[in-house]
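S.K.: Mind looking over this structure? Questions follow.
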Amino acid sequence: MENWIYCPNGEGYKHEQGVVEKYKQHFPVNSVGILQKQTDGYAIVWLIGPDEVWSVTKYDVISVDVLLTGDQYSYKICNICHCLLSIDNFARNQNNIKGIVRRPSCTRCRTDIDKRAPKSRQAKQFEKQRPSKGSKFKCPICQKRSIVGVTAKIVADHNHHTGDIRDFICDSCNTGLGRFKNGQDCLKNALSYIQERE
Ligand SMILES: [Zn+2]
Ligand SMILES: [Zn+2]
């Protein structure tokens, strides 16, 4: 396994294209990374969250067994910022037989996700075109036909930057888009990933 560490102080010298920056800078405290090299007083670490290499003092490098983190433990690594945080930084999602299940992203990262553009004027107008319950509907993405509110749930798909509605789509496709983070790049990557391996 990799030599996983975390940096409780979150400060050091950033490497920019192989060159170490002159001035000390900060990164999120408790960032998780891999120890690459250790000299007398310093260590070179690669931080997985920002995908950056930093020189930090050896006192800012603490080993962590990543397999002993998560919902069953007192510390968990956020899947977005990749900071090692105490478990109460992760909201409870639900309970299952194994115990409490928490969100994979810390509350700080989650507020960033939820910070979306408010409904635009276009959205308020577009909302009037929402297909009514019991009407027929064809999803513009999956092309599946359904009876609104009976055989499928229809949702307004928003552009999270402008707050505009792109169109009404089925709930299943909306979840799908969400999994791809509503990002063009991610969808394109998925498509080329499939095509390249065909
Ligand atoms: Zn986070
Ligand atoms: Zn669909």
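S.K.: Hey, any hits in the range 30-39 for a residue that's assigned to a loop (DSSP other than H, G, I, E, B) and either within 17 Å of the chain's Cα centre (by Cα) or on the phi > 0 side of the Ramachandran plot (or both)?
M.R.: Yes: one or more hits.
S.K.: For the range 15-25, state whether one or more residues are out of contact with any His (no Cβ under 6 Å at 6 or more places or on another chain), basic (Lys, Arg), surrounded by 14 or more Cβ atoms within 10 Å (Cβ to Cβ) and closer than 26 Å to Arg108 by Cβ.
M.R.: Scanning the range 15-25, I find no residue that is out of contact with any His (no Cβ under 6 Å at 6 or more places or on another chain), basic (Lys, Arg), surrounded by 14 or more Cβ atoms within 10 Å (Cβ to Cβ) and closer than 26 Å to Arg108 by Cβ, so the answer is no.
S.K.: Identify all residues within the range 182-198 that are within 29 Å of Lys128 (Cβ to Cβ) and surrounded by 11 or more Cβ atoms within 10 Å (Cβ to Cβ); write none if there are none.
M.R.: Matches in the range 182-198: Asn182, Gly183, Leu187.
S.K.: Follow-up. Would you point out which residue out of Asp112, Asp65 is under 30 Å from His160 (Cα atoms) and among the acidic types (Asp, Glu)?
M.R.: It is Asp112.
S.K.: Tell me which residues, restricted to the range 40-52, are under 20 Å from Leu85 (Cβ atoms) and either of a type in the set (A, V, I, L, M, F, W, C) or assigned to a strand (DSSP E or B) (or both).
M.R.: The answer is Val45, Trp46, Leu47, Ile48, Glu52.
S.K.: Scan (1) of a type outside the set (Lys, Arg); (2) exposed (fewer than 11 other Cβ atoms within 10 Å of the Cβ); (3) touching a Lys or Arg at 6+ places or on another chain (Cβ under 9 Å) for the single condition His160 breaks and write down its number.
M.R.: So the condition that His160 fails would be (2).
S.K.: Follow-up question, since we're still on this one. Of the residues that make up the range 116-125, is at least one in a strand (DSSP E or B), aliphatic (A, V, I, L, M), modelled with pLDDT of 90 or more and surrounded by 13 or more Cβ atoms within 10 Å (Cβ to Cβ)?
M.R.: No.
S.K.: Inspect all residues belonging to the range 5-26 and state whether any of them is outside any strand (DSSP E or B) and either assigned by TED's automatic domain parsing to the domain that holds Tyr75 or aliphatic (A, V, I, L, M) (or both).
M.R.: Scanning the range 5-26, I find no residue that is outside any strand (DSSP E or B) and either assigned by TED's automatic domain parsing to the domain that holds Tyr75 or aliphatic (A, V, I, L, M) (or both), so the answer is no.
S.K.: Could you identify the single residue in Lys133, Lys188, Lys144 that is more than 16 Å from ligand 1 (Cβ to nearest atom) and modelled with pLDDT of 95 or more?
M.R.: Going through Lys133, Lys188, Lys144 in turn, the sole match is Lys144.
Condition check ((1) assigned by TED's automatic domain parsing to the domain that holds Lys76; (2) closer than 30 Å to Cys78 by Cβ; (3) not hydroxyl-bearing (Ser, Thr, Tyr)) across all residues:
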{"residue": "Arg103", "(1), (2), (3)": "yes, yes, yes"}
{"residue": "Ser132", "(1), (2), (3)": "no, no, no"}
{"residue": "Cys139", "(1), (2), (3)": "no, no, yes"}
{"residue": "Asp167", "(1), (2), (3)": "no, no, yes"}
{"residue": "Cys170", "(1), (2), (3)": "no, no, yes"}
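The values are calculated or read from the model by the stated rules, or taken from the named source; none is laboratory data. As the structure is a computational prediction, the values presented were derived from the model and not from experiment. Virtual Cβ from ideal backbone geometry, glycine too; neighbours counted across all protein chains shown.
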